[in-house]
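First the structure, in the form of structure tokens, and then the observations on it.
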Amino acid sequence: MAKRIDMFGIDPENDFLASGNEPADWPWPAGKPCRGALCVEGADKEALLVEEMIDRLADQHVPGGHKITNMRITIDSHPLNDCSHNTSWRKPDGTSPDPFTIVSHDDVKKQLYVPCFPVGKFNGKQVSSYQWALDYTEALAKNGRAPLCLWPRHCLIGTWGQNIYHPIRRALDRWCEVTGRWVDYVVKGQYPFSEHYSAMRADVEDPTEPITQLNVSLLNQANQADIIAWFGWAGSHCLRYTALDAVNYFGAGENGFIKKCVFFEDACAAVGDLPGVKFSEWRKEFLDEVVKRGATVTTTKDFLK
């Protein structure tokens, strides 16, 4: 009996993957190549490897073709005034913090960085934006999530940056044509008062907002597969937290979820390092952890070769 293989592609979008070095005849918003707002270095080249892998596994002329049973693609999707955008905050001099600024709970208490949106929402209640910032940064630490990082505006809903990167999109289209199946697109990040690195839940959940809560249905669907393959960007953030939320939900039980997981070391580039913050180490720690817990790490070329 053929194995069921589910593939997760985490946030393969223009704002993360487009380097500006691509062919000019691709679909560009201004008729010429441009760089994504939060380009992950090397992800453009990794996307080409993913395209080759998907095409290889969906080739009906290759023995064992049609190997990918379900394709699940997450789409990071943000409103303009998202809490994680640097333009949604102000410094004491009234200017926006630089992109990639890390904001701690103490920074908020000292009002070194203050939200510029009028109100916030926390735990189902409307509060002042300052109170939200205090509660939110405290909750991040308690939840063991990454500290608040202020990113440049990216993956804005309805923009080119939110769209699927061209090589991935054409591979998905060909997979659909060959298999007759549909891509399951999972939208995340549209709630403005929490970061949403993980496609499974927001970094700080709100009991009154279902889109922030753990996506148990998606997790249980994935658990029915024999092999769960993961690629995506960045390996330091969205891929990492999505996969770990899934793995931690099932734990070390007899179902062996983690043992069914496969990750691609050549398709999970990290966000570039910052002064004092080495995101490349976050990626390495993530891959080391999943291997230690029973997952497989391979390459796009070797997977189901």
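Given Cα pairs under 8 Å that are at least 6 residues apart, what percent is the relative contact order of segment 86-150?
33 percent
Place +1 on the Cβ of every Lys and Arg and -1 on the Cβ of every Asp and Glu in the chain, take the dipole about the Cα centre, and give the residue among Leu172, Gly294, Asn81 whose Cα lies farthest towards its positive end.
So the residue we want is Gly294.
Out of the trypsin sites (Lys or Arg not before Pro) in segment 84-115, which ones are loop residues according to DSSP with at most 11 other C-beta atoms within 10 Å?
Loop-located and lightly packed - Lys110.
Quick one: helix 238-250 against the long Cα principal axis of the chain, what's the angle to the nearest 10°, folded into 0 to 90?
It works out to around 80 degrees.
Need one word for segment 86-150: rounded, prolate or oblate. Basis is the Cα gyration tensor (sqrt eigenvalues a ≥ b ≥ c); a/c below 1.5 gives rounded, then a/b vs b/c decides.
It is oblate, given that a/c is not under 1.5 and a/b is not larger than b/c.
Using label points projected 7 Å from each Cα along Cα→Cβ, tell me how many nm separate Lys91 and Asn223, to one decimal.
4.8 nm
In whole Å, what is the distance between the alpha-carbon centres of segment 29-54 and segment 175-252?
Taking the Cα centre of segment 175-252 as reference, the centre of segment 29-54 is 22 Å away.
Starting from the Cα gyration tensor of segment 162-305, multiply each eigenvalue by 5, take the square root, and state the resulting semi-axes largest first in whole Å.
Each semi-axis is √(5λ); the values are 22, 20, 19 Å.
Ignoring everything except DSSP H segments at least 4 long, calculate the 222 nm mean residue ellipticity for the chain; use -39,500 (n - 2.57) per segment, divide by total residues, nearest 500.
-8500 deg cm²/dmol
Residue by residue through segment 24-31, which ³J(HN,Hα) values in whole Hz follow from phi under the Karplus form 6.51 cos²θ - 1.76 cosθ + 1.60 (θ = phi - 60°), with glycine and proline marked x?
6, 8, 6, x, 10, x, 10, x
Running a GNM on the chain with Cα contacts under 10 Å, which residue among Val277, Val183, Val40 ends up with the highest mean-square fluctuation?
Per the Cα network of the chain with a 10 Å cutoff, Val277 tops the list.
What is the angle, in °, between the Cα long axis of helix 129-143 and the longest principal axis of the Cα atoms in the chain? Nearest 10 is fine, range 0 to 90.
50 degrees
Which one, Thr242, Thr95, Thr87, has the greatest fluctuation when you compute a Gaussian network model over the chain with C-alpha springs under 10 angstrom?
The residue that fluctuates most here is Thr95.
Determine the relative contact order of segment 44-189: mean sequence separation of Cα pairs under 8 Å and six or more apart, normalised by residue count, in whole percent.
In percent, rounded to a whole number, it is 34.
Using a Gaussian network model of the chain with C-alpha springs under 10 Å, which one of Ala30, Ala222, Ala146 is most mobile by mean-square fluctuation?
Ala30
Determine the relative contact order of the chain: mean sequence separation of Cα pairs under 8 Å and six or more apart, normalised by residue count, in whole percent.
Contact order relative to length: 23 percent.
Want the number for Glu265 to Trp182: 0.36 nm per residue separation, take away the alpha-carbon distance, what's left?
Length gained, Glu265 through Trp182: 27.2 nm.
For Lys121, give me every one of the lysines with a C-alpha distance below 22 angstrom, ignoring sequence neighbours fewer than eight places off in its own chain.
Here the lysines satisfying the reach criterion relative to Lys121 are Lys91, Lys109, Lys110, Lys142, Lys188.
Run down the aspartates and glutamates and flag those whose C-alpha is under 13 Å from the C-alpha of Lys301, throwing out any fewer than 8 positions away in its chain.
Glu46, Glu51, Glu52, Asp55, Glu265, Asp266
Throughout, read-outs are computed from the coordinates displayed, never taken from laboratory work. This one's a predicted model, so the numbers in the text were calculated from it and none came from an experiment. A quick note on method: Cβ atoms are made from the backbone with ideal geometry, for glycine too, and the neighbour counts reach across all protein chains shown.
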